[in-house]
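Heads up, the thing below is written out as structure tokens.
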Amino acid sequence: MASFALILDTVREAMARKVFWAFFFASTAILLFFMFIMHVDVVNGMVASMTIFQANGRTHGDLSAEKLVEGAQGGLSIFLYTFGMGLAIFASAGLISAVFEPGRVELVLSKPVSRVQVLLGRYVGNLVIVAANLFYLTVGIWVIFGVKVGVWRPHMLLASVVTLFMFSVMLAFILLISVLWESAAVSIIATFALIVISLVLGAKNMLDRLLSSEFSRDLVAGLYYILPKVPDGGQILHHVITGQAVESWMPVWSTALFGIVALASGLWIFQKRNF
């Protein structure tokens, strides 16, 4: 019961922040666009015409309804995976670090709840509010295209799970940095630095050709397998959207392992700290 109350308190605080509402209104604007502004005529499974802002679009005689929906879902999924996740990270860092504000941390720790419950309540509450925004958009797009175009591809729903998974790992890292430095700014900078490093390490094959020493190549390979694999997650997202088979799930389980270690480390350090 105490854990549920902590999660609910986090959700309420998240809803009071303008960043999450900005994400919600942006999602609503996208849904309204596809619902009222874009009109698609489908004949025998092929796109006959598209109308946007009451202007007649060109005829897409060679474009199937399936490909249209696949392209739209792919673009929106990449938007969520990049801009959407970045916005969520920016907002979530403040929610986690808010626990450590002077006076507040003492008040929170005086309650009859464990320290693990306090941080997990923040962590799960963040996931709940981000998942709600994420699935609000993806389910809405899925329904709109299903009704308008007659194509019910579940791939975008699966892709949203990939995005939420990667965000959950980044959130675990935010929690760890917040426990160590008690600063939202440091958490944001460190998390985006981690993403940038991951993007660089994603070009591991090219780096292997550029690096001259065996030690540097081994270092790059070690960091690649230890740290989260954001670009690989994007590739898996693309495979899911296009219905292709995923060649390797190593990026998923290794990234999940990083998230588990980061979350467990943050909880352990928080339990040992004096306030």
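The values are calculated or read from the model by the stated rules, or taken from the named source; none is laboratory data. The structure presented is a predicted model; accordingly, all values stated were derived computationally and were not measured. So basically every Cβ, Gly included, is an ideal-geometry build from the backbone, and we count neighbours across all protein chains shown.
Descriptive notes on the structure:
- With respect to (1) modelled with pLDDT of 80 or more; (2) among the small types (Gly, Ala, Ser); (3) farther than 28 Å from Val230 by Cβ; (4) under 24 Å from the mean Cα position of the chain (by Cα), the lone exception for Ala5 is condition (4).
- Search result, residues across region 215-233 that are aromatic (Phe, Trp, Tyr) and within 23 Å of Ile260 (Cβ to Cβ): Tyr224, Tyr225
- Residue within region 207-217 that is touching a residue at least 12 places away in the same chain (Cβ under 8 Å) and of a type in the set (A, V, I, L, M) present: yes
- Residues that are among the hydroxyl-bearing types (Ser, Thr, Tyr) and either modelled with pLDDT under 80 or in contact with a His (Cβ under 6 Å, 6 or more places away or on another chain) (or both), drawn from region 8-58: Ser49, Thr51
- Counting residues in region 75-90 that are over 19 Å from the mean Cα position of the chain (by Cα) and either among the hydroxyl-bearing types (Ser, Thr, Tyr) or more than 29 Å from Arg273 (Cβ to Cβ) (or both) gives zero.
- Lone qualifier among Thr82, Thr138 - being in a helix (DSSP H, G or I), loosely packed, with under 15 Cβ neighbours inside 10 Å and among the polar types (S, T, N, Q): Thr82
- Out of Val240, Val252, Val230, one residue alone is touching a Ser or Thr at 6+ places or on another chain (Cβ under 7 Å) and hydrophobic (A, V, I, L, M, F, W, C). It is Val230.
- Pair list, Cβ < 7 Å and 6+ apart or interchain, from region 121-132 residues that are under 21 Å from Thr82 (Cα atoms) to residues that are at pLDDT 90 or above and not aliphatic (A, V, I, L, M): Leu127/Ser168; Val130/Phe167
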